[in-house]
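Before any comments, here is the structure.
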Amino acid sequence: MKLRGKRGWGLLLALILAFCLPLGVSAADAEPEKPAKSGWKYVKGYKLYYDKNGKLVKDVSSIIGKRSSYIVKVNKRKNCVTVYAKDGRKGYIIPVKAFPCSAGNATPITTARTPSKYRWHRLNGNCYGQWCTRIKQGYLFHSVMYGKTSNTSLSVKNYNKLGRTASHGCIRLRAGDAKWIYDNCRRGTKVIIYNSSDPGPLGKPKAEKLPSWHRWDPTDPTAKSLCRKKGCH
């Protein structure tokens, strides 16, 4: 059979495809699949999780579940804390979640292991912190200070400084974030305090500003009823 013109060449191409493709597979089916948007991906040395829309998930704690160990890194310059979990032999390259914080000029650049924890602890200036985890010597992770051991005596002024350098050297956090470290990071957890212009792989979350009457931390699980009663959160 002699093939002429465009119609003839089209018929020849169709015959070639019919013989080359497996039975029941169309040319459309044979095209390579597009890479999935969701799931785990290795990006710039980190293992990150993306949702079905291809958006980076910035808290994977519920996805990976509670781990037996973590590393906590504090970017002093950017006032940002990022918690990392282990990816097998690849090491601690899974960013679990990030917190805004307030470090201080006296905060040391150091690597340490947490030796102790305190539900409430007295801080400099005759005030108190909740959910405290000691980093080393006199430096702690703790909530923003309270005037007394009461969840309704929060220093709103200092809470509204979260994300800026403001402490005497400790790492101030929202109460809920301090409690997460207190609950999930065992004694002996490695803490790395460093300086960088890059806040970290999850970025730096923003802390909500509170009005002066809001004398409790809205992230504090012991104060949720106060927010429900007030209707503010």
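The values are calculated or read from the model by the stated rules, or taken from the named source; none is laboratory data. No experiment lies behind these values; they were computed from the predicted model shown. With ideal geometry, Cβ positions are generated from the backbone for all residues, glycine too; neighbour counts draw on all protein chains shown.
None of Asp177, Asp183 is modelled with pLDDT of 95 or more, more than 23 Å from Ala106 (Cβ to Cβ), in a helix (DSSP H, G or I) and under 20 Å from the mean Cα position of the chain (by Cα) except Asp183.
Inside the stretch 36-73, can you point out the residues that are of a type in the set (Lys, Arg), farther than 19 Å from Val191 by Cβ and in a strand (DSSP E or B)? So that I can check it myself, show each step before the final result.
Step one: of the stretch 36-73, the residues of a type in the set (Lys, Arg) are 37, 41, 44, 47, 52, 55, 58, 66-67, 73.
With the extra rule that they be farther than 19 Å from Val191 by Cβ, the set shrinks to 37, 41, 44, 47, 52, 55, 58.
Of everything in the stretch 36-73, those that are of a type in the set (Lys, Arg), farther than 19 Å from Val191 by Cβ and in a strand (DSSP E or B) turn out to be Lys41, Lys47.
State whether the residues of the stretch 74-95 include one that is out of contact with any strand residue (DSSP E or B) (no Cβ under 9 Å at 6 or more places or on another chain) and closer than 26 Å to Asn158 by Cβ. Among the residues of the stretch 74-95, at least one is out of contact with any strand residue (DSSP E or B) (no Cβ under 9 Å at 6 or more places or on another chain) and closer than 26 Å to Asn158 by Cβ, which makes the answer yes. Would you mind stating whether Gly169 is of a type in the set (Gly, Ala, Ser) and either under 22 Å from Pro95 (Cβ atoms) or assigned to a helix (DSSP H, G or I) (or both)? Answer is no for this residue. The C-beta contact set for the stretch 155-171 (first residue farther than 14 Å from Cys127 by Cβ, second residue aromatic (Phe, Trp, Tyr), distance under 7 angstrom, 6+ apart or interchain) comprises Gly169/Tyr139; Ile171/Phe141.
A search for C-beta distances below 6 Å between a residue of the stretch 66-89 that is closer than 13 Å to Phe141 by Cα and any residue that is β-branched (Val, Ile, Thr) and surrounded by fewer than 20 Cβ atoms within 10 Å (Cβ to Cβ), counting only pairs 6+ apart in sequence or on different chains, returns Lys73/Ile192.
Conditions (1) of a type outside the set (S, T, N, Q); (2) within 30 Å of Tyr42 (Cα to Cα), marked per residue:
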site	(1), (2)
Ile94	yes, yes
Thr110	no, yes
Asn126	no, no
Tyr159	yes, no
Gly163	yes, yes
Ala166	yes, no
Ala175	yes, no
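List the strands (runs of 3 or more DSSP E) that sit entirely inside the stretch 74-158 and contain at least 1 residues that are among the β-branched types (Val, Ile, Thr) and under 17 Å from the mean Cα position of the chain (by Cα). Show your work before the answer.
Numbers: elements: 80-85, 94-100, 110-113, 117-123, 127-136, 139-143.
Because the criterion is at least 1 residues that are among the β-branched types (Val, Ile, Thr) and under 17 Å from the mean Cα position of the chain (by Cα), the strands (runs of 3 or more DSSP E) in the stretch 74-158 that meet it are 80-85, 94-100.
Among residues of the stretch 212-230 that are without any contact (Cβ under 8 Å) to a residue 60 or more places away in the chain, those with a Cβ under 9 angstrom from a residue that is of a type in the set (D, E, K, R) and outside any helix (DSSP H, G or I), sequence gap 6+ or separate chain, pair up as Pro218/Arg174; Pro218/Glu208; Thr219/Arg174; Thr219/Glu208. Residues in the stretch 99-125 that are within 14 Å of Ile192 (Cα to Cα) and buried (at least 16 other Cβ atoms within 10 Å of the Cβ): Ala103, Thr107, Ala112, Thr114.
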